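Reviewing the structure listed below.
The values are calculated or read from the model by the stated rules, or taken from the named source; none is laboratory data. Bear in mind the structure is a predicted one, so any value in this text is a computation, not a measurement. Counting neighbours? That spans all protein chains shown, and the Cβs are built from the backbone with ideal geometry, glycine included. Just the protein is used for accessible areas: all its heavy atoms, side chains included, with ligands, DNA and RNA removed. Shrake-Rupley method; radii C 1.70, N 1.55, O 1.52, S 1.80 Å.
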Amino acid sequence: PESDALRLGSVAHDALHGLYADPPGDDAIPRPGDIERWCKRLRELLDAAALEHGMRPDRPLDAIAVGRLRAQIGTFLAEEAERETPLRPHADLLEVGFGFEDEAGGAQALDLGAAKLRGRIDRIDVAADGAALVRDYKTSSEVAGRAGWQSRGKLQLQLYILAARERLGLDPI
């Protein structure tokens with residue numbers, strides 16, 4: 001069976017994908033004047049995704065888990081609304097895969113010599129000048145920030161950045 005952490009991650013990813021694929025505001029990211037619309041739509045998408053993944057609102061632990069996700073993602077949206085940036089997500093760069101042979105339009109695997117890597121990048125934001133920001137959603141309290149990448153041996157984001165450049169032709173910043 002799928003672990004609770006994987007299930008919650010899937011719920012969060014599904015809700016965020018739906019949110020950014022069809023933004024409820026006037027911009028592709030939340031802005032201070034429309035954060036309430038974004039949070040309302042987030043609640044709807046989280047509830048629907050939770051049901052799709054077998055979670056039920058009448059079960060206290062499920063309700064608490066979804067409430068926690070709502071709070072975490074709500075905080076992320078509020079912080080994003082306050083940030084001034086030329087970078088915007090694009091529908092074709094949400095949950096973009098590379099190395100999956102069965103996906104239409106998917107990029108080839110990232111060839112690392114001794115191994116080939118496939119993966120799915122949560123979101124890539126792009127500016128008019130072509131600069132790209134690779135985003136990897138995390139909800140764990142144990143997320144290693146940039147300072148911890150080397151000391152903890154974390155490579156996922158760096159490999160996604162490499163894939164965005166090598167396989168998707170983007171210019172990650």
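Would you please state which residues of region 1-35 a label at ALA115 would reach in this model, taking the label point 7 Å out along Cα→Cβ and a backbone N cut-off of under 20 Å? None, by backbone N distance to the label point. The long axis of helix 35-52 is offset from the longest Cα principal axis of the chain by roughly 90 degrees.
In this structure, the amide hydrogen of VAL96, modeled 1.01 Å from its nitrogen in the peptide plane, lies closer than 5 angstrom to those of ILE121, counting only residues at least 5 positions away or on a different chain. Helical content of the chain, expressed as a calculated mean residue ellipticity at 222 nm, amounts to -14000 deg cm²/dmol (DSSP H runs of 4 or more residues, -39,500 (n - 2.57) each, divided by residue number, nearest 500).
Average projection, convex hull of the Cα set of region 5-107: 7.5 square nanometres. Listed values for region 27-32 are Karplus-derived 3J(HN,Hα) couplings in whole Hz (6.51 cos²θ - 1.76 cosθ + 1.60, θ = phi - 60°), namely 10, 6, 10, x, 10, x, and x replaces Gly and Pro.
In terms of the mean number of neighbouring beta-carbon atoms within 10 Å, the peptides 122-128, 50-56 order highest first as 122-128, 50-56.
Per residue, the solvent-accessible area of the chain (1.4 Å probe, heavy atoms of protein chains only, all protein chains present) comes to 59 Å².
For the chain, the longest principal axis of the alpha carbon atoms and the long axis of helix 60-82 meet at an angle near 60°. The residue list LEU6, TRP38, ALA109 was ranked by how far each Cα lies along the charge dipole of the chain toward its positive end, using unit charges on Cβ atoms, and LEU6 comes out on top.
For the chain, give me the percentage of DSSP beta bridges that are antiparallel, rounded to the nearest 5 percent.
Details: 12 of 15 bridges.
Counting only bridges with both partners in the chain, antiparallel ones make up about 80 percent.
Using a 1.4 Å probe on the protein chains only, how many percent of the accessible area of the chain belongs to carbon and sulfur? Reported share for carbon and sulfur atoms: 53 percent. Estimated from the Cβ-Cβ distance and a Förster radius of 22 angstrom, the FRET efficiency linking ASP92 and ASP4 is about 0.10. Tell me the label only: which of (1) 16.8, 50; (2) 31.4, 117; (3) 24.4, 85 is Rg and Dmax of the Cα atoms in Å as calculated from this structure? For Rg and Dmax of the Cα atoms in Å, the calculated option is (1).
Paramagnetic label reach from GLU36 (point 7 Å along Cα→Cβ; backbone nitrogen cut-off under 18 Å): within region 64-79, residues 74-75, 77-79.
Against the main long axis of the alpha-carbon atoms of the chain, helix 156-166 sits at an angle near 50°.
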